[in-house]
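Each value in this text was obtained by applying a stated rule to the coordinates, not by laboratory testing. None of the values given here were measured: they were computed from a predicted structure. When we count neighbours, we look across all protein chains shown, and the Cβ atoms used for this are built from the backbone with ideal geometry, even at glycine.
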There are 2 protein chains.
Amino acid sequence: MSDATSPLLTDLYQLNMMQAYLDHGETKTAVFEFFVRKLPTERGFLVAAGLEQALDFLENLHFSAEEIEWLAHSGRFSRELLDYLAKLRFTGDVHAMPEGTVFFANEPILRVTAALPEAQLVETRLINILHFQTLIASKAARMRLVAPGKLLVDFGLRRAHGSEAGIMAARASYIAGFAGTATVLAEKQFGIPTFGTMAHSFIQAYDDETSAFENFARSRPQNLTLLIDTYDTEAAARKVVALAPRLKALGIQIRAVRLDSGDMITLSKNVRRILDEGGLTDVTIFASGGLDEENITEMLRSGAPIDGFGIGTSLTTSSDMPALDCAYKLQEYAGLPRRKRSAGKATWPGRKQVWRRYGPDGRMVGDILSIEGDRKVGEPLIGLVMQGGRRISSSPTLAETRARAAREFERLPEPLRRLEPGASYPVQVADALVKLEAEVDSRLAQQELARR
Amino acid sequence: MSDATSPLLTDLYQLNMMQAYLDHGETKTAVFEFFVRKLPTERGFLVAAGLEQALDFLENLHFSAEEIEWLAHSGRFSRELLDYLAKLRFTGDVHAMPEGTVFFANEPILRVTAALPEAQLVETRLINILHFQTLIASKAARMRLVAPGKLLVDFGLRRAHGSEAGIMAARASYIAGFAGTATVLAEKQFGIPTFGTMAHSFIQAYDDETSAFENFARSRPQNLTLLIDTYDTEAAARKVVALAPRLKALGIQIRAVRLDSGDMITLSKNVRRILDEGGLTDVTIFASGGLDEENITEMLRSGAPIDGFGIGTSLTTSSDMPALDCAYKLQEYAGLPRRKRSAGKATWPGRKQVWRRYGPDGRMVGDILSIEGDRKVGEPLIGLVMQGGRRISSSPTLAETRARAAREFERLPEPLRRLEPGASYPVQVADALVKLEAEVDSRLAQQELARR
């Protein structure tokens, strides 16, 4: 499959630009920032994620001899550029918001300060890494908020967009408060708890559903969850009730039943009644199949007695909004602030900081976007995490990041917490930034005049 | 990052079920099929893709000693299962539709015939591989069909869901007729042509736009494309006209200008006029930025003089429909056909074949879905590609697969080719399959009765 660590995971234009930068000596210090231009109407807030993998990428960036040879063979690049690439390591600084931090439009979550060619090359993959985990953490947060106290599990590897998406969605959703994932490699790689039940194929391999349940129970007695919708959900629930005493005699306790299709509200109520009447009041009901924050909200509002949810496609593809309008833009070069003025995509220049204020109840009340060094009231969200290409300290653990996200959700203004459509959050642009923008425009205008 | 070849890229329940299968001797031959349950209203047809990577996965499937040790350490599995996994290779057969084939709901594009535990383990990753490339090839086909004769280039790595999604989207869109991609690794890995222009950061690094154009042109004179929307698109087009003679004197020809923001219809017309009046009639216009098959259709209908399109997010995330309702289901076990009857997710049992008929004009007129061996009129679409865990012949080249897809698009019924909303295609279920379904249901009913 593809090599996820290759520096060739980039757009050709990055290499073209590096060639031109080198040819013309444009290797001075550049400052790029990664931010989301505007929030989609489907998202009142976003959750920063992916920084760990972004820093891994930067720390390990290098071209192998074989990659250099392949580039040389393409005939596109000068020997000077190839030699530069062969020696290239990322030697810049990175400032960032910690993973798990809530953020809004135009607030950078990552800043790269490095020689222009270095900072340019890494654009594509940095966006690729930060965009995806932020997208998924922000989606997962919604599910976490609508189902407090419920067990939420990522079931989405199969329809995630490739292997990396599957693994990183497990990570991002865990940060946002999921209990775990079905993806085994996510446990091995990140220590994320895994959950596993049984598939329809297991039931189908037996002509008789009860035999399937019993054989599975004997082999997998721990945390036993039986899938009951293969043929007739309520009939299967009655089979579970009939089977329970026989399993109990073997010391096996049924922990849950899983519903994966049909009208979940009606079925969960009927199954709950069948289980309770059969004395299985401790057996919980776990639902899966086409779930998202909308239908989970509806189920819980209708009093569906469901204790946990396995969420797949809508989580790992962020299906209602599978991409964010994000960018990694040059904000300063050779000591001068820069900006882009393209229609609908203009950017604020310079190195930025975000100051967040909290009310007496601890809830967020507003942010100020300003330039670095322009001290404002509140908590500064962006800090140095990498210097000269090396992390300045060990990263927070995944548990710490998860705890941070949970605390952030507690501090959200109530309309955002409730996912109210149209709920917004005040982000004020500081005078210093407005002034800097005017200075950049005036400098550019003078250049234009000078040229004529 | 994640290891894309690990067999632990699977759901925990697959390992749980394998344990139970082994404990109870359920290791007889199973037949699973991968298919899409129903087509979303946004898609009149789908394009099969990903088979190559699916076969690579199956041929290379094995657990490393370190993975076995990790599983052992988890304490979840028996020594017997761990020994089985340590020796596991995929030894089954695979039947499939060739990549690039158009297909419809309920038509399997892949069938696995293998010992039940083997066939079960591979479910998650097979779906993950086939679903994504099929999703993207099907999306890319729409773009190809609305813009005949136009240069289409994948620009979507940065917002693809991870590295694998980026690379495989380049592959899938190339199969569907894109000219190439911006992703360098896709050229190295698959020989897909790459295209690269310049970014706004390049322009911004210079205070003066013309200097940026000129320096870039001197360094990258081949296929020179200048990005003209950083500040003022029409002003930049006039700068291009002014610069052209100076570049021409250096032997450098401008091939294209790129628009990346604003009202593309108006801008492209104005830029075309500026270029033409400046004598640059050979310079083409390339557009990018938030494009999809809808707005490309609108631009072309409005006579926008755009020659090529760089398409990113909407392509590599299939943004209007980021997942397909696909499944990998047990259709036969131990010589007996099987089916699932879950509400809304019932499946047709048995090993299937799809027969496709064509009209006198060579266009597809209808498919018949039947069981293997039930010979029908038309072309059978599913054939053996892997036997005993090995490919039976070398795979088609990517060029051959691309040519197949192009031929398939030629043969689509006109309403599907025109992407008419609601256009459908007749897929008839053969009597033999209906009869087989009744037999399965009757067998299951008898088992139920016998049990009471």
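For the residue pair A:Leu250 and A:Glu420, what label-to-label distance in nm results when each label sits 7 Å from Cα along the Cα-to-beta-carbon direction?
5.4
Give me the distance between the Cα centres of segment B:190-232 and segment A:47-100, rounded to whole Å.
21
By DSSP, what percent of the beta bridges with both residues in chain A are antiparallel, rounded to the nearest 5?
Numbers: 36 of 57 bridges.
Here the antiparallel bridges make up roughly 65 percent for chain A.
Order by neighbour count: B:Arg272, B:Arg171, fewest other Cβ atoms within 10 Å first, most last. Can you show the working numbers first?
Numbers: B:Arg272 21, B:Arg171 28.
So the residues, fewest neighbours to most, are B:Arg272, B:Arg171.
Starting from the Cα of B:Arg443, step 7 Å along the direction of its Cβ; do the same at B:Asp276; then give the gap between the two resulting points in nm.
Between B:Arg443 and B:Asp276, the label points sit 7.0 nm apart.
Would you compute, from DSSP H runs of 4+ residues alone, the mean residue ellipticity of chain A at 222 nm, taking -39500 (n - 2.57) per run and dividing by the full residue count, rounded to the nearest 500?
-13000 deg cm²/dmol
Report for the protein assembly as shown the percent antiparallel among DSSP-assigned beta bridges with both residues inside it, nearest 5. Write out the running numbers ahead of the final one.
Working: 74 of 116 bridges.
For the protein assembly as shown, the DSSP antiparallel bridge percentage is about 65.
If one takes the longest principal axis of the Cα atoms in chain A, at what angle in degrees, from 0 to 90 and to the nearest 10, does the Cα axis of helix A:264-277 lie?
For A:264-277 against chain A, the angle is about 40 degrees.
Which ordering of A:Arg218, B:Arg246 is given by a fewest-first count of other beta-carbon atoms within 10 Å? Provide the component values of the computation, followed by the final result.
Values: A:Arg218 15, B:Arg246 12.
Listed from fewest to most nearby Cβ atoms, that is B:Arg246, A:Arg218.
With label points built 7 Å along Cα→Cβ from the Cα atoms of B:Arg301 and B:His73, find their separation and express it in nm.
Distance between label points: 6.0 nm.
Could you calculate the FRET efficiency of A:Asp431 with A:Lys28 from 1/(1 + (r/R0)^6), where r is the beta carbon distance between them and R0 is 41 Å, rounded to 0.05?
On the way: r = 28 Å, r/R0 = 0.69.
My answer for the efficiency is 0.90.
Of B:Lys38/B:Lys329; A:Lys87/A:Lys345; A:Lys188/A:Lys239, which pairs sit farther than 26 Å apart, going by alpha carbon to alpha carbon? Could you put the intermediate results ahead of the total?
On the way: B:Lys38/B:Lys329 14 Å; A:Lys87/A:Lys345 35 Å; A:Lys188/A:Lys239 36 Å.
Where the Cα-Cα span goes over 26 Å, the pairs concerned are A:Lys87/A:Lys345; A:Lys188/A:Lys239.
Pop the C-beta distance of A:Ala399 and B:Asp361 into the FRET formula with R0 = 51 Å and round what comes out to the nearest 0.05.
Details: r = 64 Å, r/R0 = 1.25.
Efficiency at R0 = 51 Å is approximately 0.20.
Is the shape of segment A:118-170 rounded, prolate or oblate, going by the alpha carbon gyration tensor and its root eigenvalues a ≥ b ≥ c, with a/c under 1.5 for rounded and a/b larger than b/c for prolate? Could the numbers behind the result be given before it?
Values: a/c = 4.40, a/b = 1.94, b/c = 2.27.
It is oblate, given that a/c is not under 1.5 and a/b is not larger than b/c.
For a footprinting-style exposure proxy, rank A:Ile296, A:Ile129 by other Cβ within 10 Å, fewest first. Before the final figure, lay out the partial values.
Values: A:Ile296 23, A:Ile129 31.
By the 10 Å Cβ count, ascending: A:Ile296, A:Ile129.
Taking a point 7 angstrom from the Cα of A:Asn60 along the C-beta vector, which residues in segment B:156-184 have backbone N less than 18 Å away?
Residues passing the 18 Å test: B:162-167.
I'd like the mean, over residues of A:19-29, of how many other protein chain beta carbons sit within 10 Å of each residue's own Cβ.
Working: counts 3, 10, 6, 1, 5, 9, 1, 5, 0, 1, 0.
Other-chain Cβ atoms within 10 Å of each residue's Cβ, averaged: 4.
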